[in-house]
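Data first, discussion second: the structure below is written as structure tokens.
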Amino acid sequence: MTDTEAQTEPQQPHPHLVVTRDGAVLTITLDNPSRRNSQVPSLWAALADLAEGLDPGVRVVVLRGNGPSFSAGLDRGMLAPGGVEGEPELLGIAVDGPERTAERIEDFQRGFAAWASVPAVVVASVQGHAIGAGFQLALAADLRVVADDVQFAMRETSLGLVPDLGGTGPLVRAVGYAVALELCATGRFMGAQEAVARGLANVAVPLAELDATTADLVGALVDAPDAALRELKPLLASAATVAPGDQLRAEREAQGRLLNGLARAVGR
């Protein structure tokens, strides 16, 4: 059985994560619905391990949440004295000084930032609340399909904090600086229609159609030529940030590799 044919039984790399593999598609489900899929550092570490150890045969990754919400964000117990059992105590870390705190946060960020580096296309299928860390996990994906009940929000500023899990860059790229500043500073909610209009989401559908719509998108991505899709993701990701000449070079180098592959395939 090849990588693209492989099917596996559900795996659970964390008590609140379920991972399934169906051919070239890996689905990662946040699975703590009674807590609206709130997040803790051990879950971020598991996400980082999944991204950094992703099988080359995986072409599409789906990030989703079980229950009524994608993720309501950080488990608020993390900000209480004593924190959450089995997790690093955030307030305890903070007393070690800003530099030490930043070092620990860098490790937390891996679970979000690592998805930009995987060759697979990452799709977030989002319903209900996507707040704080939940919003930033959705932003870690390349594409977002949302239910019509979705509520995106960055609530960190209301706690005297800032978004720090890799979400600021993709948020600004999606909606622009002014809207990103307004969203983060006020903590207001953005619904499905505004998310699509602002370019944050690719499509919004009734909740009952979310899984089917996500599956249709995933199917279209899997049907795309593998080599071309793997070249396309980093090419477009760099387009807004690199110099025009560098982007032109990236285009021609990618095309050179693809044309060379086509020539070899026909025996030229």
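The values are calculated or read from the model by the stated rules, or taken from the named source; none is laboratory data. This is a predicted model, so every value here is computed, not measured. So basically every Cβ, Gly included, is an ideal-geometry build from the backbone, and we count neighbours across all protein chains shown. Heavy atoms of the whole protein, side chains included, go into the accessibility calculation; ligands, DNA and RNA do not. Shrake-Rupley method; radii C 1.70, N 1.55, O 1.52, S 1.80 Å.
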Original post:
Within the bounds of the range 123-146, is there any residue that is modelled with pLDDT of 95 or more, over 16 Å from the mean Cα position of the chain (by Cα) and open to solvent by 20 Å² or more (accessible area, probe 1.4 Å)?
Top reply: no
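So for the range 185-208 (the condition being among the basic types (Lys, Arg), surrounded by fewer than 16 Cβ atoms within 10 Å (Cβ to Cβ) and over 30 Å from GLU253 (Cβ atoms)), does at least one residue qualify?
Among the residues of the range 185-208, at least one is among the basic types (Lys, Arg), surrounded by fewer than 16 Cβ atoms within 10 Å (Cβ to Cβ) and over 30 Å from GLU253 (Cβ atoms), which makes the answer yes.
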Original post:
Identify, please: which residue in the range 13-26 is in a strand (DSSP E or B) and not hydrophobic (A, V, I, L, M, F, W, C) and is, among those, most open to solvent (accessible area, probe 1.4 Å)?
Top reply: ASP22
**OP:** Could you give me the residue pairs with C-beta distances under 6 Å whose first residue belongs to the range 68-85 and is at negative phi and modelled with pLDDT of 90 or more, whose second residue is among the hydroxyl-bearing types (Ser, Thr, Tyr) and surrounded by 15 or more Cβ atoms within 10 Å (Cβ to Cβ) wherever it lies, and which are 6+ apart or on separate chains?
**Re:** ALA72/SER38; ASP75/SER38
**OP:** Could you grab me the full set of residues in the range 86-114 that are modelled with pLDDT under 90, part of a loop (DSSP other than H, G, I, E, B) and open to solvent by 70 Å² or more (accessible area, probe 1.4 Å)?
**Re:** GLU89, VAL95, ASP96
Subject >> Top-ranked residue in the range 210-233 [being of a type outside the set (A, V, I, L, M, F, W, C) and without any contact (Cβ under 8 Å) to a residue 60 or more places away in the chain; ranked as surrounded by the most Cβ atoms within 10 Å (Cβ to Cβ)] >> reply: GLU231
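Working only within the range 150-162, note down all residues that are open to solvent by less than 70 Å² (accessible area, probe 1.4 Å) and either more than 26 Å from PRO68 (Cα to Cα) or without any contact (Cβ under 8 Å) to a residue 40 or more places away in the chain (or both).
If the condition is that a residue be open to solvent by less than 70 Å² (accessible area, probe 1.4 Å) and either more than 26 Å from PRO68 (Cα to Cα) or without any contact (Cβ under 8 Å) to a residue 40 or more places away in the chain (or both), then ALA153, MET154, GLU156, THR157, GLY160 are the ones that fit.
Take LEU165 and tell me if it is free of Cβ contacts under 8 Å to residues at least 24 places away in the same chain and more than 18 Å from VAL179 (Cα to Cα).
Working: free of Cβ contacts under 8 Å to residues at least 24 places away in the same chain: no; more than 18 Å from VAL179 (Cα to Cα): yes.
In short, no.
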Original post:
Can you tell me how many residues in the range 27-80 are basic (Lys, Arg), open to solvent by 50 Å² or more (accessible area, probe 1.4 Å) and assigned to a loop (DSSP other than H, G, I, E, B)?
Top reply: 1
Original post:
Is it true that some residue in the range 60-67 is among the polar types (S, T, N, Q), at pLDDT 95 or above and out of contact with any helix residue (DSSP H, G or I) (no Cβ under 9 Å at 6 or more places or on another chain)?
Top reply: no
